[in-house]
1. Output the residue which, of all residues in region 93-140 that are among the hydroxyl-bearing types (Ser, Thr, Tyr) and either farther than 23 Å from Arg194 by Cβ or out of contact with any strand residue (DSSP E or B) (no Cβ under 9 Å at 6 or more places or on another chain) (or both), is modelled with the highest pLDDT.
2. Quick check on this structure: which one of Leu82, Leu110 is on the phi < 0 side of the Ramachandran plot, out of contact with any helix residue (DSSP H, G or I) (no Cβ under 6 Å at 6 or more places or on another chain) and among the hydrophobic types (A, V, I, L, M, F, W, C)?
3. Looking only at region 315-340, which residues are under 19 Å from Leu619 (Cβ atoms) and of a type in the set (S, T, N, Q)?
4. If a residue counts only when it is without any contact (Cβ under 8 Å) to a residue 12 or more places away in the chain, which helices (runs of 4 or more DSSP H) contained entirely in region 47-149 have at least 2 such residues?
5. Could you tell me whether any residue of region 586-607 is small (Gly, Ala, Ser), surrounded by 15 or more Cβ atoms within 10 Å (Cβ to Cβ), assigned by TED's automatic domain parsing to the domain that holds Gly292 and in contact with a Lys or Arg (Cβ under 6 Å, 6 or more places away or on another chain)?
6. Under 9 Å by Cβ, and 6 or more places apart or on different chains, what pairs join a residue from region 460-475 that is over 15 Å from Met332 (Cβ atoms) with one that is aromatic (Phe, Trp, Tyr)?
7. Could you go through region 588-600 and let me know if any residue there is in contact with a helix residue (DSSP H, G or I) (Cβ under 6 Å, 6 or more places away or on another chain) and more than 26 Å from Ser204 (Cα to Cα).
8. Has region 548-566 got at least one residue that is crowded, with 18+ Cβ neighbours inside 10 Å, closer than 26 Å to Arg487 by Cβ, among the hydrophobic types (A, V, I, L, M, F, W, C) and touching a residue at least 12 places away in the same chain (Cβ under 8 Å)?
Amino acid sequence: MVDFKSKPKKDKKDLRGRDGGFREALSAEEQPVVSSEKLNREDIEVLEAAQIYRQGVTSIMDLIAPSAMAVESRHVDLGGKLLSTIYVVTYPRYISVGWFAPIILMNAELDISMFFYPVKAEVILKQLKNKVGTLEAQIMSDREKGAPRDPIRETALSDIEQLRDSLTQGTEKFFQYALYITAYADNEKALDDRMEEMDGLLGSRLVVGKRVFYQAEQGFNSTIPIGEDELGIYFNMNSSPCASSFPFISSDLTSDDGIMYGVNRHNGSLIVFDRFSLQNANAVVFATSGAGKSYTVKLEVLRSMMLGVDVIIIDPENEYKHLSDSVGGTFMNISLNSQVKINPFDLPKPVGGADRPADIIRSAVITIKGMLRIMLGTVTPMEDSILDRALIETYAKKDITPEADLHTIEPPLMNDFIGILEGFEGTENMVIKLKKYTEGTFAGLFNSPTNIETRNQLMVFSVRDLEDELRPIGIYMVVNYIWNTVRSELKKRILVIDEAWWLMQNEDSAKFIFALVKRCRKYYLGVTTITQDVNDFLRSQYGAAIVTNSAMQMLLKQSPAAVDNIQKTFMLTDGEKYLLLEGSVGQGIFFAGQKHVAMQVVASPVEDKIVTSDPRQLLEIENSKKEFKKQMQ
């Protein structure tokens with residue numbers, strides 16, 4: 001037992017006060033000898049008062065020192081608080097970045113110390129050379145004896161050779177590395193449980209740690225912030241694995257503006273971010289089916305609407321209807337039997353003086369040609385030239401020229417275009433193919449004036465009921481209409497394209513989406529591209545370019561078949577790769593510019609009822625509505 005309150009010895013300069021503090025006072029032997037005749041009573045009183053004053057001065061040591069401490073074999077009792085230390089003795093051959101995160105983020109009182117002792121390269125290179133000679137001799141001896149190869153020796157030889165190269169080239173340094181962790185608890189059982197928990201976390205990373213035994217005080221002294229290593233238990237390690245142990249593992253993505261995307265799994269902070277603060281507001285979301293990608297995007301849509309952002313969604317599976325109904329959005333079903341009509345020949349209205357009529361008409365011709373190529377299939381260069389001239393004449397027939405006022409024009413229809421196209425030579429096959437969209441099976445969808453009201457904050461275009469043959473054309477037409485709407489009025493908007501791999505299957509539609517993603521920034525639009533078929537999306541040159549031009553990315557749980565492609569595209573570490581493989585629903589990685597963190601998507605109970613995609617929950621909600629209507633009747 002060491003008691004800081006014990007009485008001081010008089011032959012020392014530093015005397016201990018009654019309250020445990022160290023006092024700086026003179027002992028009786030060190031005080032000057034002065035005869036009483038030479039001192040008057042006032043001088044004696046002054047000296048006595050000064051000595052009393054010095055005894056009552058409080059120092060820093062008084063404030064931070066405990067009243068007493070007891071050192072036991074396994075722990076230290078520090079003023080009623082028990083503490084014990086774990087030191088690491090062995091690491092595995094490979095250790096991932098951030099392996100120390102579970103210890104650092106434990107909901108516990110911990111003191112962690114790391115000591116790095118540099119070792120000169122020439123010293124360690126000499127030792128490694130000797131070790132290489134020994135291993136090579138053993139391997140050669142086994143070969144001569146006909147013994148089976150020893151993978152452990154061969155792996156060790158390969159690792160040593162690689163380390164020698166790195167040390168010689170100066171890309172690595174060598175250290176003796178010591179890691180100590182001191183935990184605190186209120187009683188012995190709680191302390192033992194805490195030690196077992198830490199030992200289990202270390203063991204799950206194949207890191208071997210041991211609890212101090214008859215070194216509890218040395219362990220405590222090694223982890224308090226005085227920079228003294230009294231345990232002296234080291235492990236030889238080069239700089240790369242040393243760096244992987246650093247506790248600086250998480251980025252902070254909490255800002256004053258924006259919406260909450262989830263919770264940072266590294267440190268429990270909120271991921272609050274404004275996508276419009278980046279160099280562009282585009283985003284991509286990659287996940288397997290059922291990993292929570294639609295749920296995540298719906299949450300973003302709902303929270304963005306609270307900040308006044310307009311949202312437009314292309315919905316391939318009617319997943320957003322419940323959300324639209326809940327917030328009073330406009331839900332439009334695009335199909336052959338639908339009352340909703342979109343004219344692909346619509347033109348955007350010029351915004352100020354930025355867009356000239358000639359540029360708008362030229363852009364519309366290029367866009368419509370892309371849709372016509374999807375309808376026609378293979379188009380020869382001569383046919384492409386004819387289509388270009390026919391489109392310009394179609395607009396001119398309606399007095400839509402570079403000199404026209406685009407605010408008052410009436411756009412042509414598909415019938416008008418086919419009528420012009422029939423006047424050109426060599427267009428018989430194209431006319432026959434296109435007439436099925438005006439007179440045949442698909443008549444009505446592409447040959448009517450637009451009748452959509454665009455003033456709602458949330459607009460959902462459902463293409464679920466479109467036939468597979470029509471779906472790429474329908475989505476292309478809807479995206480074109482949305483692009484015209486965006487260009488006609490400058491507002492903060494988000495466009496969500498769900499299951500975008502549909503558009504990546506055709507080069508013209510993929511090219512159109514890529515052009516939209518590149519140009520949308522100046523119109524205050526952010527495009528969110530969602531897909532579960534990651535390989536098909538990234539295999540397209542335009543899909544990879546869309547990822548490059550998206551400043552925000554959200555990666556949720558991935559399939560083993562796609563995760564290697566994801567790792568290569570996003571330059572993920574092995575630890576992040578396994579996080580995507582093993583993550584639960586709503587867990588993934590959130591990228592914003594140069595920062596990225598592990599994310600857990602979290603919704604309130606009210607939000608969960610609005611954005612859920614679970615059929616069971618939706619059925620329960622529908623049954624509750626029916627029951628409520630019955631009661632009201």
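The values are calculated or read from the model by the stated rules, or taken from the named source; none is laboratory data. Not measured: the values here are computed from a predicted model. Please note: Cβ atoms are built from the backbone with ideal geometry, for glycine as well, and neighbour counts cover all protein chains shown.
1. The qualifying residue modelled with the highest pLDDT is Tyr117.
2. The conditions single out Leu110.
3. Asn318, Ser324, Ser326
4. 60-64, 121-145
5. The answer is yes, given that some residue of region 586-607 is small (Gly, Ala, Ser), surrounded by 15 or more Cβ atoms within 10 Å (Cβ to Cβ), assigned by TED's automatic domain parsing to the domain that holds Gly292 and in contact with a Lys or Arg (Cβ under 6 Å, 6 or more places away or on another chain).
6. Pairs found: Glu467/Phe442; Glu469/Phe442; Leu470/Phe442; Arg471/Trp502; Pro472/Trp502; Ile473/Tyr437; Ile473/Phe442; Ile473/Phe446.
7. Scanning region 588-600, I find no residue that is in contact with a helix residue (DSSP H, G or I) (Cβ under 6 Å, 6 or more places away or on another chain) and more than 26 Å from Ser204 (Cα to Cα), so the answer is no.
8. yes
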